[in-house]
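The values are calculated or read from the model by the stated rules, or taken from the named source; none is laboratory data. Keep in mind that this is a model prediction, so the values were computed, not measured. FYI the Cβ positions are ideal-geometry reconstructions off the backbone, even for glycines, and counts take in every protein chain you see. What goes into the accessible areas is simple: the full protein's heavy atoms, side chains included, and nothing from ligands, DNA or RNA. Shrake-Rupley method; radii C 1.70, N 1.55, O 1.52, S 1.80 Å.
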Amino acid sequence: RWTVDNNVDKNKSYSHIQQAAQLLNDGQTVAFPTETVYGLGADATNDQAVQKIFNAKGRPSDNPLIVHIALKSQLKGLVEGFSDKAEKLMDSFWPGPLTIIFRKKQGVFSELVTAGLDTVGIRLPSHPVALAIIEQSTRPIAAPSANRSGKPSPTTAEHVYHDLNGRIAGIVDAGETGVGVESTVIDCTVDPPMILRPGGVSKEEIEDCIGFVEVDPSMQQQHETARSPGMKYTHYAPTAPLYVTEGSMEWFQQTINTYQQVDKRVGVLAVKETIEQLQADVLVACGSSKDLYTTAHSLYDSIRAFDEEAVDIILAESYETSGIGAAIMNRLDKAAGHKWLKEIE
Ligand code: TXA
Ligand code: MG
């Protein structure tokens, strides 16, 4: 496990970054920070290396991985052309938290990366440490989130260590990630393009750039035919059952009290303004209602915090699904296994 700071200068050499790139080129797996969450990288052209990602995470093999590049010029060798809309999206949001699905070039990637599909998801991250590692390796790097499958994605090196220590070759630690939820995944092999996973770039920002886009209709529910294969699995789940709640503050407090009366230890996940108004056994403040980007930033760390607290049930507040709220609500709904508690009007 190596620590580097975030102010990586492209023109200098850093031993830990070189070591990480060398391990990747040798067919090993290395975790590194991106601006969204920590990723677990491996050479996307090497079957054995990619297999190590699936083994370390315990990830189902039908769930394809995102391929990370450091330079737009790498794209030409990886995909079969792209639409004008894809080009506009790349110009506006790369480097950054947007994954674009393209038709893949045959014979480039390990088949494990794309889970047998003829498309591939590509992302050019903005984190300087991720960019430096990928650029030095000079290869396309497959990198899912660096958590055990089913757990919340890691936003610190400690989260990665907790989940994957002993299962991977190394972790590059550059502190907390920024956005805190994963990249938005958009399929640009169809027109209009379709958002398969809400994330760091909002639908509103995308539509400002290229006009109307569809949203995968199966996204809201657990669905066998979700177009993004990963969306059908339970994800992000803490150990205790989590419920998403919708109702007045008074109802929220009554609901907490009802569980406490039957000897349940109740945890609450909400923005700090809500936490200040409630009483429960464990209160975890997750950002501020004044800026939901602060909630996205802290979301996974907050969900993980309950695993240290021996609660019997977690009640999570719900948010508007505009902007970054769409990604937050998608993750909470999945962490809850789609279980909701709503006030009856
Ligand atoms: O922010 C992120 O995207 C992070 C960081 C590390 O870059 N990575 C990440 O990867 O979240 P992962 O593997 O946890 O999620 C990849 C998602 C899954 O839902 C997967 O099904 C979908 O992208 N995906 C990948 N390739 C696809 C494809 N060809 N077609 C449809 N969905 C695809
Ligand atoms: Mg993941």
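A few remarks follow.
- Check on Thr156, in contact with a Ser or Thr (Cβ under 7 Å, 6 or more places away or on another chain) and either surrounded by 19 or more Cβ atoms within 10 Å (Cβ to Cβ) or not hydrophobic (A, V, I, L, M, F, W, C) (or both): no
- Residue within segment 317-326 that is within 16 Å of ligand 1 (Cβ to nearest atom) and of a type outside the set (Ser, Thr, Tyr) present: yes
- Checked against (1) modelled with pLDDT of 95 or more; (2) within 12 Å of ligand 1 (Cβ to nearest atom), Leu71 passes all but condition (2).
- Only residues that are outside any loop (DSSP other than H, G, I, E, B) and within 16 Å of ligand 2 (Cβ to nearest atom) were counted in segment 171-190, giving 2.
- Among residues of segment 124-172 being charged (D, E, K, R) and within 15 Å of Ala42 (Cβ to Cβ), the one that is farthest from the chain's Cα centre (by Cα) is Arg139.
- Segment 159-205, residues that are open to solvent by less than 20 Å² (accessible area, probe 1.4 Å) and of a type in the set (Ser, Thr, Tyr): Thr177, Ser183, Thr184, Ser202
- Among residues of segment 191-206 that are among the hydrophobic types (A, V, I, L, M, F, W, C), those with a Cβ under 6 angstrom from a residue that is open to solvent by less than 20 Å² (accessible area, probe 1.4 Å) and not in a loop (DSSP other than H, G, I, E, B), sequence gap 6+ or separate chain, pair up as Ile195/Ile186; Leu196/Val185; Val201/Leu98; Val201/Thr184.
- Selected residue (criterion: farthest from ligand 2 (Cβ to nearest atom)) from residues of segment 122-142 that are open to solvent by less than 10 Å² (accessible area, probe 1.4 Å) and touching a Ser or Thr at 6+ places or on another chain (Cβ under 9 Å): Val129
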